[in-house]
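Colleague: Please read through the structure below; I'll follow up with questions.
All of the numbers you see were taken from the coordinates with simple rules; none came from a lab. All figures in this text were calculated on a predicted structure; none of them were measured in a lab. For neighbour counting, all protein chains shown are included, and Cβ atoms are generated from backbone atoms with ideal geometry for every residue, glycine included.
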Amino acid sequence: MRVLLVEDDVPLSAALTHSLRKANYVVDCVFDGKSALNALAINQNDLIILDLGLPDMDGLDVLKTVRRQQAQLPVLILTARDKTTDKISGLDTGADDYLPKPFDIDELLARLRVLERRIGTASQSVVTVKNVTLDTVHHSLTINGKNLHLPRRELMLLKALMENAGRVLSKHQLENKLYEWGEEVTSNTIEVHVSHLRKKMPDHFIKTIRGVGYCISKSGD
Ligand code: CA
């Protein structure tokens with residue numbers, strides 16, 4: 001899940017980014033409205049966290065533009081202005097959810113999970129494919145009932161593939177889910193992660209679709 005965080009309060013942005021990354025989100029941070037719109041034109045963000053009070057433009061205008069371009073993209077708005085009118089205009093403009101500042105980070109994470117479920121990449125927090133079960137909230141993995149710890153990127157990779165079981169994900173799509181803007185990604189990064197992950201998974205769990213990408217079958221073979 002790749003999040004665009006639009007927040008001009010630098011300490012708050014840093015704290016949120018830290019918590020979101022710890023919860024295995026990929027986070028792109030921008031600090032004004034213009035950069036937010038630029039980022040959206042380039043990245044494949046799955047979700048936006050948008051502060052309404054931005055230095056260069058009103059967050060609601062950012063939201064309007066987002067809605068014109070990507071009608072389905074989930075947007076959660078943040079604002080220090082806890083007036084009911086702001087909440088109503090935000091929701092009227094097409095925000096999916098609203099969180100007044102100050103808020104608890106756990107509250108934000110819970111709201112994000114609801115949005116994630118709504119967009120269907122995660123229909124539930126526990127995904128099971130064959131004898132492999134991944135709890136995407138607690139980041140725990142069991143294979144045949146045995147717990148297994150995975151490094152962060154491998155866990156993110158597995159999550160992406162399991163949530164899309166039955167669908168092929170290209171290397172590019174996986175890079176997008178695992179890496180942020182400006183992070184160094186070499187051409188074989190995904191292959192390396194897949195090969196490490198494969199050694200820990202049941203035989204033939206992750207399939208390579210030559211020239212296309214990777215896939216986990218829902219059942220059977
Ligand atoms: Ca602000």
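Colleague: Sort out for me the Cα centre separation of segment 1-59 from segment 133-185, rounded to whole Å.
Modeller: 22 Å
Colleague: Once every DSSP H run of n ≥ 4 in the chain is given -39500 (n - 2.57) and the sum is divided by its residues, what mean residue ellipticity at 222 nm do you get, rounded to the nearest 500 deg cm²/dmol? Please list the in-between numbers first.
Modeller: On the way: 8 runs with 91 residues, N = 221.
The helix contribution divided over the chain gives -12500 deg cm²/dmol.
Colleague: Of the cross-linked pairs Lys87/Lys177; Lys22/Lys159; Lys22/Lys207, which ones have a Cα-Cα span greater than 26 Å in the structure shown?
Modeller: Lys87/Lys177; Lys22/Lys207
Colleague: Another one. Averaged across orientations, what area in nm² does the convex hull of the alpha carbons in segment 111-175 project?
Modeller: For segment 111-175, averaging the hull's shadow over all directions gives 4.7 nm².
Colleague: I would also like to ask the following. Hey, got a sec? Which chymotrypsin sites (Phe, Trp or Tyr not before Pro) in segment 117-212 land in a DSSP loop and have at most 16 other Cβ atoms within 10 Å?
Modeller: Taking segment 117-212 and a limit of 16 other Cβ atoms within 10 Å, the loop chymotrypsin sites (Phe, Trp or Tyr not before Pro) found are Trp181.
Colleague: Let me know the shape class of segment 114-221, please: from the alpha-carbon gyration tensor, a ≥ b ≥ c as square roots of the eigenvalues, rounded when a/c is under 1.5, otherwise prolate if a/b is greater than b/c, or oblate.
Modeller: Verdict is rounded for segment 114-221.
Colleague: Compute the long axis of helix 152-163 from its Cα atoms, compare it with the longest principal axis of the Cα atoms of the chain, and write down the angle in degrees, 0 to 90, nearest 10.
Modeller: Once rounded, one gets 90 degrees.
Colleague: Work out, step by step, the length gained on full extension between Ala15 and Ile42: first 0.36 nm times the residue separation, then minus their alpha carbon distance; give nm to one decimal.
Modeller: The span from Ala15 to Ile42 would gain 7.3 nm if fully extended.
Colleague: From largest to smallest, what semi-axes in whole angstrom does the chain give when each is the square root of 5 times an eigenvalue of its alpha carbon gyration tensor?
Modeller: 34, 18, 15
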